[in-house]
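One structure below.
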Ligand code: IMP
């Protein structure tokens, strides 16, 4: 079962993974790195994760970081330590030996690249994600397994830094760029991570062969996909469901279900087109009510109406079987509610499908379907019947326009603040 973001990330995938992890045997992340951030509120306690799958809160649950993820070992060590200090059992953690490592020079190059772009910046999280994936493709990457052999590690760092010498010149005095210091620091990380390093693809195959449930946890969102998103304002990996196969090491036939997670409205951090953006009081209200500030960078998120043109595109790209709508409660008191059903271009062209041309996406005007809003606190609703009729109609309109059933709606930040919609039988993986 694959969980993907259906918008621009920050849809609340962590909460859904956490919920479904209870029934899964293995949870594995398949792309991205610590550009992601998941906040889980469990029994009033807040947990923030950037790399470790949210399922780790279930004692002993196998939670793997797949080969497709890029790992900053300092951040990962910090997360492991943080959980340990709070008494959380991390024995279920597994780290793919083939995952690539974010190195200090990747972080520096990410920031330098953004500064160089000036006004044209992508708005990256500056965590070194792009430069790390670039090195992976250039066959200059350092992998988790390299931490286990000092000689190889040193050689690979030298080879990776050599072509970057000119770009790294402004940082020549940074002590972390010293070959010896870097090798030592990464060997130390290696010693700490060694107990968790594993062949995570095999771990998935064994679980699948046993008929167990494997949950593939995506990061970011479809509209940030390197191939299918709003390039170049995208991340450097593929957050779509197909990438679960590559980033975890399974085949397409191993996937039974794809759940797309979308907010009841839309948000985006960083630059790039966002047709339904609200740059007015209502946008501000959504930002405030929804606590729309990035978990990773603390940046305020841009807010807008739910965009069904983009969502239909995401449904198809991921071949979604179910949709989850999070943060429905944030829309309470807003009347009317709007759903973008098509785009109109200045020259009169109408788009019901997501346009492939970037300049068009930048200049379209959204056209909306208006629906009556709902009032009051829906945080206590636990089933479809508990929800106000207008809220149910809103969810139905989304199902109707996307052709995918909404199976779950989030009504508050708490773990239990969800409403299952329709037949609960539909929740089980088809296998
Ligand atoms: P990068 O992934 O740090 O290279 O950033 C590229 C783009 O993806 C920027 O617009 C970021 O704001 C966005 N991005 C990366 N990770 C996330 C995420 O987890 N949530 C939302 N946006 C993200």
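Tabulated data for the structure shown
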read-out: Count - residues of the stretch 121-148 that are more than 15 Å from residue 237 (Cβ to Cβ) and touching a residue at least 40 places away in the same chain (Cβ under 8 Å); value: 10
read-out: So residue 140, is it within 13 Å of the ligand (Cβ to nearest atom) and surrounded by fewer than 19 Cβ atoms within 10 Å (Cβ to Cβ); value: no
read-out: Filtered residues of the stretch 250-268 (kept if outside any helix (DSSP H, G or I) and without any contact (Cβ under 8 Å) to a residue 24 or more places away in the chain); value: 251
read-out: Number of the exception - residue 356 against (1) surrounded by fewer than 18 Cβ atoms within 10 Å (Cβ to Cβ); (2) assigned to a helix (DSSP H, G or I); value: (2)
read-out: Check on residue 122, within 13 Å of the ligand (Cβ to nearest atom), farther than 30 Å from residue 27 by Cα and surrounded by 14 or more Cβ atoms within 10 Å (Cβ to Cβ); value: yes
read-out: Which listed residue is without any contact (Cβ under 8 Å) to a residue 40 or more places away in the chain and within 16 Å of the ligand (Cβ to nearest atom), from 227, 209; value: 227
read-out: Candidates 244, 219 - the one that is within 11 Å of the ligand (Cβ to nearest atom), under 17 Å from residue 17 (Cα atoms) and surrounded by 24 or more Cβ atoms within 10 Å (Cβ to Cβ); value: 219
read-out: Extreme residue, farthest from residue 41 (Cα to Cα), among residues of the stretch 383-416 that are modelled with pLDDT of 95 or more and assigned to a loop (DSSP other than H, G, I, E, B); value: 403
read-out: Among (1) more than 28 Å from residue 206 (Cβ to Cβ); (2) buried (at least 22 other Cβ atoms within 10 Å of the Cβ); (3) touching a strand residue (DSSP E or B) at 6+ places or on another chain (Cβ under 6 Å) - the single one residue 62 does not satisfy; value: (1)
read-out: Some residue of the stretch 316-328 being in contact (Cβ under 8 Å) with a residue 60 or more places away in the chain, within 16 Å of the ligand (Cβ to nearest atom), assigned to a loop (DSSP other than H, G, I, E, B) and touching a helix residue (DSSP H, G or I) at 6+ places or on another chain (Cβ under 6 Å); value: no
read-out: Selection count, the stretch 269-301, where residues are closer than 23 Å to residue 412 by Cβ and either within 11 Å of the ligand (Cβ to nearest atom) or part of a loop (DSSP other than H, G, I, E, B) (or both); value: 10
read-out: Single unsatisfied condition, residue 378 versus (1) touching a residue at least 24 places away in the same chain (Cβ under 8 Å); (2) in contact with a strand residue (DSSP E or B) (Cβ under 6 Å, 6 or more places away or on another chain); value: (2)
read-out: The listed residue being modelled with pLDDT of 95 or more and under 17 Å from the mean Cα position of the chain (by Cα), out of 316, 289, 302; value: 302
read-out: Hey, residue 178 surrounded by fewer than 15 Cβ atoms within 10 Å (Cβ to Cβ), in contact with a helix residue (DSSP H, G or I) (Cβ under 9 Å, 6 or more places away or on another chain) and farther than 30 Å from residue 356 by Cα or not; value: no
read-out: Test: residue in the stretch 15-25 that is outside any loop (DSSP other than H, G, I, E, B) and within 12 Å of the ligand (Cβ to nearest atom); value: no
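The values are calculated or read from the model by the stated rules, or taken from the named source; none is laboratory data. Values in this document were obtained by computation on a predicted structure and should not be read as measured data. Positions of Cβ are generated from backbone atoms using ideal geometry, with glycine treated the same way; all protein chains shown enter the neighbour counts.
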